[in-house]
Amino acid sequence: MNLSEIKIEDLLLKLEDFPTLPTIYNRMMDLMANPRTTALDIANLISSDQSAATKVLKAVNSPIYGLYGKITSISQAINLLGFDEIRNLITALTIIDLFDKNISNQVLNPVELWQHSIAVGIINRMIGIATHANNIENYFLAGILHDIGKLFFFKVAPQLYAKVIEYSIENKVYIRDAEMKLIGITHTVVGDLLAEKWRLPIPIRQAIRYHNIGFVNEEYHPLVASVHISNIAASTLGYGNKWEYVVQQPNIEVWKKLELQNDFFKNNIENIYLDYIESSNLLLKN
Amino acid sequence: MSRILTIDKVEPGLILASPIYNNAGQVLLGADTELTQKSIKVLKTWNIKSVIIKDNSNEPNIEISEEIMELARRKVNERLSWEPRNSNEFDLYNTAVNFTAQELLNAQV
């Protein structure tokens, strides 16, 4: 394969052909957009899909939500966590399932990227709680999806993306610089386009697009700032891999705005460790 | 720290650090439960592969040698292209070193 023959236009065409999210997801979005929808309507829809229902129940009982096994039905989950939290959980479960985890090549294994993303989601949600963020339901999902553009590249051009990763490792440059050099477009931009196609909420799209910078056109967005830190923290703590080999230094301005407690990581490392084990078991094993 | 144990290493008297679920997401045993012969049998019936248990607090904390700390520091430095500048970054860096040292120690035991 001649790598120089892969054009950005071809990649963008592949984006158009890329799978949409399954019917249950779209029906749920429609239901939630309707103000007359009740928790029971949503519960009935989710319960109609046995595998989705089982996964949602497992997830809401996992430590991510701090409810520790108290939830026995979907409607109870909706009542305790709210529509938005359940919607975002199903979005995460749906998108993880959309990518085939069994396809890897000699350089890259998608499961490793999901492992990193789960750690980012967990840390991000903890930062959200610690900084008293609004819209806490977006924090886990934003962490899970921040690198979705890398999985898109890997799915449509696995050999090329393996080259990008190798280039980054050999030359000790950031992935985004390797992507610009070998592809001409970054995973953050492509990830945002994919998220747009899937009609994901704007804050999630911003987190995907701007997580390397931590600001949206110099404007402070707590979720984007938090994903910026969570992503670096996960890799620093050892939940990283060659999908992001060179770990950047956090943007100092982000720390100033985020105002995270000085001993946040020391105080939370044990929970990060435990939540990670349970969540990765839950989300990555069928 | 808590430890993860495969089911064949689990003994009665150990305390669970987090709940155990079956495949349907139902809780089999809650956190802080003391394991018994019977409950271990139940876990095996449910095909539970590993559990997270609390470290016995009566056991003295194993001192982490300077050798392991140095190895941990080197491993963390390999991942990063930068040095900590503010209290948040020192917190992150030191936590990463201690966490990595703990992992190295667990791998040795």
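The values are calculated or read from the model by the stated rules, or taken from the named source; none is laboratory data. Owing to the predicted nature of the structure, the values given are computational and were not obtained by experimental measurement. Counting neighbours? That spans all protein chains shown, and the Cβs are built from the backbone with ideal geometry, glycine included.
Which is at negative phi, surrounded by fewer than 23 Cβ atoms within 10 Å (Cβ to Cβ) and either among the charged types (D, E, K, R) or in contact (Cβ under 8 Å) with a residue 40 or more places away in the chain (or both), of A:ASN105, A:ASN135, A:ASN109, A:ASN124?
A:ASN105
Answer with yes or no whether B:PRO60 is surrounded by fewer than 18 Cβ atoms within 10 Å (Cβ to Cβ), at pLDDT 90 or above and outside any helix (DSSP H, G or I).
When the stated conditions are applied, B:PRO60 does not pass them.
Looking at the range A:160-197 only, could you name the residues that are under 17 Å from A:LEU11 (Cα atoms), in contact (Cβ under 8 Å) with a residue 40 or more places away in the chain and assigned to a loop (DSSP other than H, G, I, E, B)?
Step one: list which residues in the range A:160-197 are under 17 Å from A:LEU11 (Cα atoms), which gives A:160-164, A:176, A:178-197.
Okay, now just the ones that are also in contact (Cβ under 8 Å) with a residue 40 or more places away in the chain, so A:160-163, A:182-185, A:187, A:189-195, A:197.
Scanning the range A:160-197 gives A:ILE183, A:GLY184, A:ILE185.
If I filter the range A:56-98 down to residues being aromatic (Phe, Trp, Tyr) and within 14 Å of chain B (Cβ to nearest Cβ), which single residue comes out as surrounded by the fewest Cβ atoms within 10 Å (Cβ to Cβ)?
Among residues in the range A:56-98 that are aromatic (Phe, Trp, Tyr) and within 14 Å of chain B (Cβ to nearest Cβ), the one surrounded by the fewest Cβ atoms within 10 Å (Cβ to Cβ) is A:TYR68.
In this structure, does A:LEU21 turn out to be of a type in the set (A, V, I, L, M), over 20 Å from the mean Cα position of the chain (by Cα) and away from every other protein chain (no Cβ under 13 Å)?
Taking the combined requirement at face value, the residue does not satisfy it.
Filter the range A:198-211 down to residues that are crowded, with 20+ Cβ neighbours inside 10 Å and assigned to a loop (DSSP other than H, G, I, E, B) and give me whichever is farthest from the chain's Cα centre (by Cα).
In this case the residue turns out to be A:TRP198.
Counting only residues that are within 15 Å of A:LYS266 (Cβ to Cβ) and either in contact (Cβ under 8 Å) with a residue 24 or more places away in the chain or surrounded by 15 or more Cβ atoms within 10 Å (Cβ to Cβ) (or both), how many does the range B:73-89 have?
So the answer is 4.
Would you mention how many residues in the range A:277-286 are within 15 Å of B:SER50 (Cβ to Cβ) and under 14 Å from the mean Cα position of the chain (by Cα)?
Going through the range A:277-286 one residue at a time, the tally reaches 3.
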